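Notes follow the structure.
The values are calculated or read from the model by the stated rules, or taken from the named source; none is laboratory data. Remember, it's a predicted structure, so these values are computed and weren't measured experimentally. Heads up, the Cβs are rebuilt from the backbone with ideal geometry, glycines too, and the neighbour counts pull from every protein chain shown.
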């Protein structure tokens, strides 16, 4: 019992966990040791023959080895032997680094991006016709606006027109590591400079993979066959 003259204080209730404000999942880069959100990194695992394999979908079994989605982490670190040493240390033994690791990442990310955009098209979550893109932006229906890698700097202004001021959340457009021809094949059109996506999981996944492509400085001359099928 509390002493007389003193007011009993109730124990504070524990705060209810709210997923909407939870801290983003982070990992430590095996090379730079920087701690970054998973969306800015790529997971690798040790595959058959002790060869480093990129796990772009994040589903392969084995201990994950995380690297920052940055060109220097792969190119400079690999050339100096830093990448092999860091990965071998994280994997607990020697690991072979493919000489074309960056090219494999480029192709894998580009194909993933194309598959996501095809899924968004089928689900009615994406438009690419200029008038529809402009209408979505004007109504605030677009959560993400993509621009082809080879789209000119003047093309966003022609496409967006007056609607650009009404949708600041998606401007400036996010340059995606695919050419206008590749975006056209994905969209079933001839040449597509812009694609607008509704907010949601598909748009978030596209944003993540587009950012990874940009981090690796990819997208030039790798997408001649991307988007077919």
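One residue stands out among those in the range 132-154 that are surrounded by fewer than 17 Cβ atoms within 10 Å (Cβ to Cβ) and under 30 Å from residue 102 (Cα atoms): the one that is modelled with the lowest pLDDT, which is 153. In contact (Cβ under 8 Å) with a residue 12 or more places away in the chain and under 15 Å from the mean Cα position of the chain (by Cα), is that true of residue 110? Judged against the criteria, residue 110 is a match. Return yes or no: is residue 214 farther than 14 Å from residue 133 by Cα, in contact with a strand residue (DSSP E or B) (Cβ under 8 Å, 6 or more places away or on another chain) and at pLDDT 55 or above? Judged against the criteria, residue 214 is a match.
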